[in-house]
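To start, the structure itself, in structure tokens.
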Amino acid sequence: MKKPVLLLAAAAVTGAAAYQLLRPEPPALPASGRPAPGEPIVEIDLPADLSATARTGKQAFDAVCASCHGENAVGRQGSGPPLVHVIYEPGHHADMAFQMAAARGVRAHHWRFGDMPPQPAVTRGDVTAIIAYIRELQRANGID
């Protein structure tokens, strides 16, 4: 009875260690350390080219989301978190989490920016395109 439990525990520890070693590093903070209010929170690499859906998503993101989440989803100190961050990888925040956040708002739980209000100006289609844009930015920065 103890042997299967020990094997299961060893497998869990090994899996957790492998995840920690193999997960991508989050984008770096600016060289100056903590950014000033309104400044970007992380520095990212932009993809060489965006898909047509992601280009549409960028337009919607710039119109509705960038005021808090920053240009290219790098966050804005004092306003909103970066979405190009390992916290928002698809395995932790699936696409539906973005749909629900836009439709219902979201209570602050990873960052200290306060709650995000619902965004009635964006449609489900807009959010789908915004997700494509964010996911392409994430992949360009090693977040899968």
Got a sec? Which of Ala103, Ala36 is part of a helix (DSSP H, G or I), in contact (Cβ under 8 Å) with a residue 12 or more places away in the chain and more than 23 Å from Ile143 (Cα to Cα)? Ala103
Please count how many residues of the range 111-144 are modelled with pLDDT of 95 or more, in a loop (DSSP other than H, G, I, E, B) and not acidic (Asp, Glu). 9
For Asp115, all conditions in the list (1) in contact with a Gly (Cβ under 9 Å, 6 or more places away or on another chain); (2) within 21 Å of Thr53 (Cα to Cα); (3) among the acidic types (Asp, Glu); (4) free of Cβ contacts under 8 Å to residues at least 40 places away in the same chain hold save one; what is the number of the exception? (2)
Could you check the range 120-144 and list, in sequence order, the residues that are of a type outside the set (Asp, Glu), closer than 15 Å to Gln59 by Cβ and surrounded by 14 or more Cβ atoms within 10 Å (Cβ to Cβ)? Val122, Val127, Thr128, Ala129, Ile130, Ile131, Ala132, Tyr133, Ile134, Leu137
Here is a check on your reading of the model: is Ala108 over 25 Å from Asp45 (Cβ atoms) and not in a loop (DSSP other than H, G, I, E, B)? no
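The values are calculated or read from the model by the stated rules, or taken from the named source; none is laboratory data. Since the model is a prediction, treat every value here as computed from it, not as a measurement. Backbone-built Cβ (ideal geometry, glycine too); neighbour counts: all protein chains shown.
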